[in-house]
1. Taking segment 480-519, which trypsin sites (Lys or Arg not before Pro) meet the DSSP loop condition and have no more than 13 other C-beta atoms within 10 Å?
2. Quick one: which of Lys347/Lys616; Lys449/Lys607; Lys402/Lys459; Lys282/Lys459; Lys347/Lys427; Lys42/Lys136 span more than 29 angstrom between C-alpha atoms?
3. As a footprinting exposure proxy, order Val581, Val117 by other Cβ within 10 Å, with the fewest listed first.
4. Would you mind classifying segment 258-366 by shape? Square roots of the alpha carbon gyration tensor eigenvalues, ordered a ≥ b ≥ c; an a/c under 1.5 is rounded, otherwise it is prolate if a/b is larger than b/c and oblate if not.
5. So how many Å³ per residue does the convex hull of the Cα atoms of segment 420-509 work out to?
6. For Asp412, Asp95, which order do you get if you count the other beta carbons within 10 Å of each Cβ and list the fewest first?
7. How large is the charge dipole for segment 376-538, taken about the Cα centre, if only the Cβ atoms of Lys, Arg (+1) and Asp, Glu (-1) carry charge, to the nearest 20 debye?
8. Sort Leu674, Leu61, Leu238 so the one with the fewest other Cβ atoms within 10 Å of its own Cβ comes first.
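Bear in mind these aren't lab numbers, they're just calculated from the coordinates by the rules spelled out. Values in this document were obtained by computation on a predicted structure and should not be read as measured data. Cβ placement follows ideal geometry from the backbone for every residue including glycine, while neighbour counts extend to all protein chains displayed.
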Amino acid sequence: MYIQLILMTLILPIYYCQIDFQTICQAGIRQDNTNYIHCGRKQLSEIPNFSRTTNTFYDELVLNDNQISEIRQNAFQGLRVKRLNLSGNKIRSIDSRGFIELANYLEELIIEFDSSVNYEIPDAIKFNLINLRSLKLINLNLTIIRNNTFVKYRKLEELAITKSNIKSIEFNGFNSLTTLRSLHLDQNQLNDNIWSVLMKYLYNLEILTLSQNNINSLKENFLLKNLKILDLSSNEKLYLQNNEINSLQLTFLTILNSLKELNLDFNRLTFLPESLFQFNTKLTYLSLQGNDLNYLTNKSLRGLKNLIYLNLARNRLQLQSNQQPFQDLNSLEILNLDRNIHLNLSKLIFQGLETNLMELSLQNCNLTSISLLNNPFDLFLNLQRLKLSSNSLKDLPEGFLKNSIDSLISIDLQRNLFQSIPNLFEKDFPSSKLTDFDLSSNHICTLNKNDLYKYKNLKTIGLTGNPLHCNCHLRWLKQWLIKNYDYDLIKFLQWTCATPVNLVGKQLTVIDEHDMICSENDYSQCQHTENLPIKSTSTQLTSIKTTSISSSTIIDELIINDISYNPNGMLTITWEYLLSVSPKYFHLQIYDEINRHILLQRLIDGKQRSIEIDIKDYLKEYSSMYMICLNIPHNKYCRNIQLQQVKSSSLVISTDKHENYQSSQYFYLLSGILLGAIFVCVMLIIVCCWRIRHLSRKKLSNSIEKSPTNTLYHPPPHSSIFYRPLNIISYPPKQQQLQQQQQQQQSCDTSECSMHSSTDTSQLANDCYHIYQQIPPVYNCQIHPIRTHVLV
């Protein structure tokens, strides 16, 4: 009972007391001279106390990623701020006067709600913050935007309502928003009926984003009317990714002659109508990634004379050798054709891109060889970056990039079948500007010193995942590293030795040069390992299954070149089988990681190296972790993945599916909880002890103050009395002082009187003392006729 009272005494004042922002937040000035208060990621459960801001005007207050759920009345008292960021919280309630102090100052508000509680925009935002210029609302669960919702906003220029489950907007929902220039309604459930609502009041709209909605078509009359009413003269951007737009619904583009950026990723496009972009001459950015485009004609991209960036990745393009689909793209600088596995490259295909193309990406396009006579890459005069990773190239033709020798900076040849450094330029290597050469995860066993040294400006080379034979012939490579690499970066290189036996698994960068010796069978060892599968160290391995064959190690594994999962529910897996004989089939299985139930299984032809599956109907709401397994006779290769966060990267799937990572995480979590609980208990005990001691001292002090000071008190014999500090001031006559002292000594017969009368009162007059002394009885000595004042 007493312990509960003590805890309530200590905790309740802390609970109801706001934390002062100066004790937990940081304030400062940025390089652009804007001042701020940063309270983000502090695990705050309430708004700190800003009453001590001394009337300073701040440009920004950051309270993102905390645990704030309530904004009380006068929560920002004393604060003057222009921008407030409350994203990453779960606001459940806001008092109607929660923002009243910021009404005259706040211009931009970003706030995230708890979608399970809030079903409308709080009144504190709708009626108090009428001076806002930018308003961003996240996770509101509105369902509908009703008429006159924003009628108070006369200055609003940017409005974002995302992840708010909006299904419809009433006809006057955007009433009075005539100054709005940017509208973001991403990740809602809007349908085609939205177009008639948007055209009524948004006269000056410049940016409109509607990604991840349920839009199936665009009303052409809407766009025509809005093109006349909306001002799209600058910053024209239209983002319609992740919808259901098909090729026949693209005719609206013919009237958007001021459009500069267009994103139609992950829709249902199967072809591009001829001359579709003939009026979009200002378009500089076009992304058509993740559609089902099968072909391009010579007129599909006609009119895009100012286009700089074109993304056609993740389609099914099949180009004929006599086609010229890019002939009108004279300004194109970046072209992405990744993951189009049926491309037929030829010189004619890239006609029109010779002069201005700077970056070309052909990753995972199933390229096996490049013809010397019909080499499309020797057309480019200013190519700076070339990406050919995740193909099946074994070599490159002589003078592969001979016309780009003065411009090429970086080339990516990861995950191919090269056994040596290819010759890129045929001749005049001293003029090469190549600085980055990535040959990771190939079949390179040893390197010729001359093949590397002819690239005079080379700064980095990637050799991770190659079966290096670390003998005396690679000593020069360590010396080249010391000369060209930053010393602190060398230790991070993962150049692993596959042979000789005494150096298997060791890093070339750390082994001693004296251990890199040559023997008679060095050549045969290097030749043998050239055909071995590649152990990639670009990602963490669970385990590696090895088999000893004639004193060499064979690593039985699959290399997954790419795993991707898009919001439409399509899971794409691409792998490489590194043994010489392919199996009859691969058995694909997808498990629920929590219950280990098989969600999907499928047989795949043994010659196939990629598969695309629609798995949205198989995923569970309560689980985001899944296990993907590829089975072949006698072996099973598995990996745990989180489908919502899969990144395209090089992964190695090994035979050990049981990882101890999860168990170690549980151990660390429990240990942390236990240590935290012990720390909290110790702190509570210390606070309680201090509190009790403080209260006892306070009570004792009060009792002493209340005791009478003028009452004569006679203590019992041989008892000690506690006296408060006294200032004793004596006033004896100066001429009689010596005589009085002598009389005192003669009149006192007891030692007690002698001791008492010998006290130097002149000294006590200057200092304060606590006197713990037994007062002698009065009858043992004479009372001296000295006038004494005792000052309490």
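1. Values: sites: Lys483, Lys491, Lys506; in loops: Lys491, Lys506.
Loop-located and lightly packed - Lys491.
2. Working: Lys347/Lys616 41 Å; Lys449/Lys607 37 Å; Lys402/Lys459 20 Å; Lys282/Lys459 39 Å; Lys347/Lys427 22 Å; Lys42/Lys136 22 Å.
Beyond 29 Å between Cα atoms: Lys347/Lys616; Lys449/Lys607; Lys282/Lys459.
3. Sorted ascending by nearby Cβ count, the order is Val581, Val117.
4. Rounded, because the longest to shortest axis ratio a/c is under 1.5.
5. Taking the convex hull of the Cα positions in segment 420-509, it is 87 Å³ per residue.
6. Details: Asp412 20, Asp95 16.
Ranked by crowding around the Cβ, least crowded first: Asp95, Asp412.
7. In debye, rounded to 20, segment 376-538 gives about 280.
8. Sorted ascending by nearby Cβ count, the order is Leu674, Leu238, Leu61.
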